[in-house]
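The values are calculated or read from the model by the stated rules, or taken from the named source; none is laboratory data. Model, not experiment: these values are computed from the prediction. Here the Cβ positions follow ideal geometry from the backbone for every residue, glycine too, while neighbour counts run over all protein chains shown. Quick note on the areas: whole protein, heavy atoms, side chains included, nothing else; ligands and nucleic acids left out. Shrake-Rupley method; radii C 1.70, N 1.55, O 1.52, S 1.80 Å.
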Amino acid sequence: MHSIVEILMDKQGVMLETLRQMVDKESPTLDKELTDDLAAFTAGLFEELTGGTASIIQNDYYGNHIRGEFGSGEEQILLLSHFDTVWQKGDINGKIPFKIEGDIAYGPGVFDMKGGLVQGLYALHALKESKEILNKKVVFLFTSDEELGSPSSQKLIEEEAKKSNCVLVLEPAISKKGALKTARKGVGIFKVHIKGKSAHAGVEPEKGLSAILELSKQVTYLHNLTDYCRGTTVNVGKISGGTTVNVIAAEAEADIDLRVKTQAEFDRIIPIIKNLKSTTAGVVVKVAGGINRPPFERTDQVISLFNIAKKVARDYLGMTLEEMETGGGSDGNFTAPFAPTLDGLGAVGGGAHALNEHIIISEMPIRSALLALLIKELAN
Ligand SMILES: [Zn+2]
């Protein structure tokens, strides 16, 4: 057994304890006081466990971000994690308490993605303990606003990706098989606004122009743009409009979610959505919005990176590592255009954003070892 695997197999208990501490420190994206507190705690842990240096990147509105640096070298490998969760303050005391049942740990953010974050910290810890010589430095980002689309960390993430040879994302693995994510769809977000004309629905309905009627036609049109063969989906996830039952609605709005596999498909479909045409004279249709996250495409470079991980998993851990694609976005979407990215290297479990959010405890040291050995391989 490789010394890194041995070191980490002995650490399962402390890893779980670190996870419990991180989960106890609740971190809803919009609670700056709480996320700042967890950021400071994470920075301390990073320095203590890895011997590296952590800098706090101050943030006005969202929680502070942390940039950890481990080892030295001209070239760098980037690790990505976020410590905010979709859960609210106090959820841990009732709605979703931290608890351990056999080999499963439940709690807010254990899977998405405090478990992966802890595994990342211990992976660097094991590299330090085993005195591995790395020829590249590792930059480890811990960000505070991923669950809201990374409004304040996107730039930082992209800047670091530009300087990196490759990016390893510690978001959860897919399914109990622990599959990595080698492609993620790009996400577009749009808002359609429709302006018609109000009128009394009983007295002079013919004088009105219903924005709701126009919206219903646009919704059908938009949903028909979905093309599963291309991997393109359009969903109108929210609509609103009108004032009351006996008035022809003057205004209506809809929120649209677009997912595509490639930038070429974005180039094809975005103009179609942006140029929606009104079907009724006098009714105005306006569309705002655009790309939220670029697609993370499965390029040849991504495939070679996955093959290295697959070989490491087989040679050192006797594991068959699989790859999958997902329609969900992550910060890996932001790095993929700049450096080959491998995602889903984090925790194995399930129930992200759900009350049964959980991880498999015995997978923690194994996934941590996979990451450490992969870094060792990539840093040679
Ligand atoms: Zn996440």
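Of note:
- Kyte-Doolittle mean at least -0.5 and Cα axial length at least 24 Å: DSSP H helices in the chain: 32-50, 300-317
- Taking Val139, Val203, Val283 as the candidate residues, the one with maximal mean-square fluctuation in a Gaussian network model of the chain, Cα springs under 10 Å, is Val203.
- Under the simplified labelling scheme, the Ala281-Lys99 pair shows an inter-label distance of 6.6 nm, with each label point 7 Å from Cα along Cα→Cβ.
- Accessible carbon and sulfur surface of the stretch 186-293 relative to its total accessible area, %, 1.4 Å: 58
- Highest-MSF residue in the chain out of Ile360, Ile269, Ile157 [GNM, Cα springs under 10 Å]: Ile269
- Compared with the direct C-alpha span, the chain from Glu69 to Glu158 gains 30.4 nm at full extension, assuming 0.36 nm per residue.
- When both bridge partners sit in the chain, DSSP labels roughly 75% of those beta bridges antiparallel.
- Based on protein heavy atoms only, the chain ends up with 43 Å² per residue of surface accessible to a 1.4 Å probe.
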